[in-house]
Ligand code: ATP
């Protein structure tokens, strides 16, 4: 099985999250993609963070009819900070060795990985799928980032459209539809009592309104 792993604060989940994941699923022929909201994000202190259960409910209700996009509470049921390497280990234990994992991340998250726990172990454990967030991400930027922060020895393979390494898993850039939506934008619009219709799935809008989030 080929499974995508898509983590985030999802504070809240928005339509770009779903559209880009759908795109990657078809583009890479993945069987499913697990969406796992983080409980205690180690990297986003001080933001207006909705309770983990609310963010998880948004994911569950929004993915209810999306084939192959699967909610996971793997991080919100674990105690302590949500480190991605621990989540990968947990998925590996759950799915067995026959499963191939692809970790999806926006380009902003990718360039932030030097601050993640055991980042090189992450690059050794799973293929990385980088989704450009604004325009394209030049290959030279990725190459120099990998050389400087992950390991020397990555080479670009044009045919497979990915960087390969003899010890670490491939890093692929997957062009996704460029959608200028962020959770920050949604929270700010809710605070200003502006419409968020179309920017988030309908169940997310309902949960935000009913539970008075982000006001
Ligand atoms: P915030 O505005 O609060 O920082 P966010 O919109 O970036 O939130 P996250 O939950 O942090 O949402 O994102 C989860 C993952 O989805 C991250 O890897 C992020 O880079 C990626 N992502 C979010 N929005 C987009 C987008 N519009 N295009 C591409 N990637 C995205």
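Structure notes:
- Matching residues, region 58-87, being in a helix (DSSP H, G or I), touching a helix residue (DSSP H, G or I) at 6+ places or on another chain (Cβ under 8 Å) and over 14 Å from residue 8 (Cα atoms): 61, 62
So that you can scan it fast, the table gives a plain yes or no per residue for (1) more than 21 Å from residue 104 (Cα to Cα); (2) modelled with pLDDT of 95 or more:
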| residue | (1), (2) |
| --- | --- |
| 147 | no, yes |
| 153 | yes, yes |
| 157 | no, no |
| 170 | no, yes |
| 182 | no, yes |
| 187 | yes, yes |
| 191 | yes, yes |
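- Filtering 179, 207, 186 for residues that are in contact (Cβ under 8 Å) with a residue 60 or more places away in the chain, within 15 Å of the ligand (Cβ to nearest atom) and part of a helix (DSSP H, G or I) leaves a single hit, 186.
- Looking across region 1-18, the residues that are within 9 Å of the ligand (Cβ to nearest atom) and outside any helix (DSSP H, G or I) come down to 6, 7, 8, 9, 10, 11, 12, 13, 14.
- Annotation note: Cβ proximity below 7 Å between a residue of region 14-29 that is under 12 Å from residue 182 (Cβ atoms) and a residue that is within 9 Å of the ligand (Cβ to nearest atom) (sequence gap 6+ or interchain) occurs for 14/181; 14/183; 14/186; 15/181; 16/179; 16/181; 17/8; 17/10.
- Among (1) part of a helix (DSSP H, G or I); (2) closer than 21 Å to residue 182 by Cα, the one test that residue 129 misses: (1)
- Close pairs (6 angstrom Cβ cut-off, 6 or more residues apart or separate chains): surrounded by fewer than 16 Cβ atoms within 10 Å (Cβ to Cβ) in region 43-67, assigned to a helix (DSSP H, G or I) and modelled with pLDDT of 95 or more anywhere: 48/187
- Taken over region 127-141, the criterion of being within 15 Å of the ligand (Cβ to nearest atom), surrounded by 12 or more Cβ atoms within 10 Å (Cβ to Cβ) and more than 18 Å from residue 84 (Cα to Cα) is satisfied by 132, 133, 137.
- Among (1) more than 16 Å from the ligand (Cβ to nearest atom); (2) touching a helix residue (DSSP H, G or I) at 6+ places or on another chain (Cβ under 8 Å), the one test that residue 152 misses: (2)
- In region 85-98 there is no residue that is surrounded by 14 or more Cβ atoms within 10 Å (Cβ to Cβ), within 26 Å of residue 180 (Cα to Cα) and under 15 Å from the mean Cα position of the chain (by Cα).
- Residue check for residue 21: surrounded by 15 or more Cβ atoms within 10 Å (Cβ to Cβ), away from the ligand (no atom under 15 Å from the Cβ) and either part of a helix (DSSP H, G or I) or at negative phi (or both): no
- Selection count where residues are away from the ligand (no atom under 16 Å from the Cβ), assigned to a strand (DSSP E or B) and crowded, with 17+ Cβ neighbours inside 10 Å, scope region 160-176: 2
- Scan of region 88-115 for residues that are in contact with a helix residue (DSSP H, G or I) (Cβ under 6 Å, 6 or more places away or on another chain) and farther than 17 Å from residue 142 by Cα, ordered by number: 88
- The set of residues from region 102-126 being away from the ligand (no atom under 15 Å from the Cβ) and not in a helix (DSSP H, G or I) comprises 117, 118.
- Residues in region 88-101 that are in contact with a strand residue (DSSP E or B) (Cβ under 6 Å, 6 or more places away or on another chain), more than 16 Å from the ligand (Cβ to nearest atom) and at pLDDT 95 or above: 100 only.
The values are calculated or read from the model by the stated rules, or taken from the named source; none is laboratory data. These figures come from a predicted structure and were not determined experimentally. Ideal geometry is used to build each Cβ from the backbone, glycine not excepted, and the neighbour counts take in all protein chains shown.
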